[in-house]
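Written below as structure tokens is the structure these notes are about.
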Amino acid sequence: MASKLLVDIHTHVYLPRYAALLRSRSAVPFIHHEPSGGRPVGPQYWDREEKLRFMDKHGIDVSVVSTANPWLDFLPPAQALTLATELNEDLEGYCSTSPNVPDVPIKRLYGFGLLPLVPEITTASLLDTVKQISKLPHLRGLIMGTRGVGKGLDDEALDPVWAAIEEAGLVVFIHPHYGVDVKAWGDKDNGHVLPLALGFPFETTTAATRLILSGVFDRYPNLRLLLAHSGGALPQLSSRLASCIDHDPVVASRLKHDARYYLGKLYLDAVAYGPEELGFVSDVIARSARYEAGASVAEAANRSLGSQRMLFGTDHPFFPPLSSTQKWKSVVENLEAIDAVQGWTQADKDGVCGGNAVSLFNLVQ
């Protein structure tokens, strides 16, 4: 049954064309532009057979893969457009020629395409790329960083792009890359812990909050946005955000609804590693209806409702185990967390593990 599939929606790839570009920029194949200084690139980043072996080892039926950061952010507009077009076609081939899930009419691999989101790119180029992605049958959305075309995702210049994405029914996966000011981490060597554990989620939190404040969800109410890392700190801070808006004359009357309403418009991955965190996030999503303008909903939030907008992910191929014989903690811990959430039914857990993704990405047609 498709509702019982295990679907990984947060899993990355560097296709050979992109990996070659990274290699050409350095004598040693490192991913640069990383807030943590970069990381080595090996075949686990581009070899499809390695991706499928990882999936087989962990019982993952389907993966919706995306190019990992830094995407095309470091390229000039013409090169970014050309490479985006080529990589989207490459990803379609990577997915379309993958094996089928046994006994289910679904491929094992689907993808998020890329937009050439760089400064000075033309709107026409972005719209053409949205159209390209929408016509590639195994690409069901696109991955996007937080800088847009240089001024962030709340830049009004992106409004035609949001409109086109909404009309095409594509899912936008918002993923961090830049973190926060490195000075915030101090001088003590703490490895990559602070930028990865805090910097990335804080970047997502800020980007999503700016989108809410910009009114994007009022203008494009059917836009489907998926936030990485369970939305960062946004669920925890959403009531504080609503209060700050209410007390600020600049923004107090800008939005149609209380800020907390918009969290119910989002989808969040379930890459939080703990059942208490996942349960809390599902509560915050579930209560959003009471904050719709004119709503009279007063009953307690049902976290089962919130679970319907949460989706399993692994962040593969990052955070590998120290031994090749081990299962990846990013898989085991997140599955254990989903299974241990108090107040989720088995149907809710099955949904987070895969059923929600099957529905969101329309995998069964």
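The values are calculated or read from the model by the stated rules, or taken from the named source; none is laboratory data. What you are looking at is a predicted structure, and each value in this text was computed from that prediction instead of being measured. Glycine gets a Cβ as well: all are built from the backbone with ideal geometry, and neighbour counts include every protein chain shown. Just so you know, the surface numbers come from the protein's heavy atoms only, side chains and all, with ligands and any DNA or RNA stripped out. Shrake-Rupley method; radii C 1.70, N 1.55, O 1.52, S 1.80 Å.
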Self-check item: Accessible area per residue in Å² at 1.4 Å probe, computed on the chain
Solution: 43
Self-check item: Relative contact order computed over segment 39-128 (Cα-Cα under 8 Å; 6+ residues apart), in percent
Solution: 33
Quiz item: For V251 and T345 in the same chain, what is the full-extension length gain: residue separation times 0.36 nm, less their Cα-Cα distance, in nm?
Solution: 29.9 nm
Exercise. Any chance you could run the full-extension gain for L52 through A184? It's 0.36 nm times the residue separation minus the Cα-Cα distance, nm to one decimal.
Key: 43.6 nm
Self-check item: In Å², nearest 10: area of D159 left accessible to a 1.4 Å probe
Solution: 30
Quiz item: In this model, which of K131/K349; K151/K188; K57/K265; K135/K256; K4/K327; K183/K327 are farther than 24 Å apart at the alpha-carbon?
Solution: K131/K349; K151/K188; K57/K265; K135/K256; K183/K327
Exercise. Would you mind getting the Kirkwood hydrodynamic radius of segment 2-360 from its Cα pairs, rounded to one decimal in Å?
Key: 20.9
Quiz item: In percent, what relative contact order does the chain have, based on Cα pairs under 8 Å that are 6 or more apart in sequence?
Solution: 18
Quiz item: Spin-label point model (7 Å from Cα, Cβ direction): what's the E167 to S323 distance in nm?
Solution: 5.6
Self-check item: Inter-centroid distance (Cα atoms) of segment 264-298 relative to segment 207-237, Å
Solution: 12
Practice problem: Exposed loop GluC sites (Glu not before Pro) only (DSSP loop, at most 16 other Cβ atoms within 10 Å): please give the longest stretch of the chain free of them, not including the sites. | Solution: 121-291
Exercise. Would you mind computing, in nm to one decimal, how far apart the modelled labels at E336 and A78 are, each placed 7 Å from Cα along Cα→Cβ?
Key: 5.4
Exercise. Could you rank K57, K349 by how accessible they are, 1.4 Å probe, largest area first?
Key: K57, K349
Practice problem: Assuming R0 = 25 Å, can you tell me the calculated FRET efficiency for the pair A293 and D155, based on Cβ-Cβ distance, to the nearest 0.05? | Solution: 0.45
Self-check item: Solvent exposure ordering (accessible area, 1.4 Å, most first) of K107, K329, K51
Solution: K329, K107, K51
Practice problem: Name the aspartates and glutamates eligible as straight-distance cross-link partners of K107: C-alpha to C-alpha under 18 Å, and not fewer than 8 places from it in the same chain. | Solution: D8, D47, E49, E50, D56, D61, E89, D90, E92
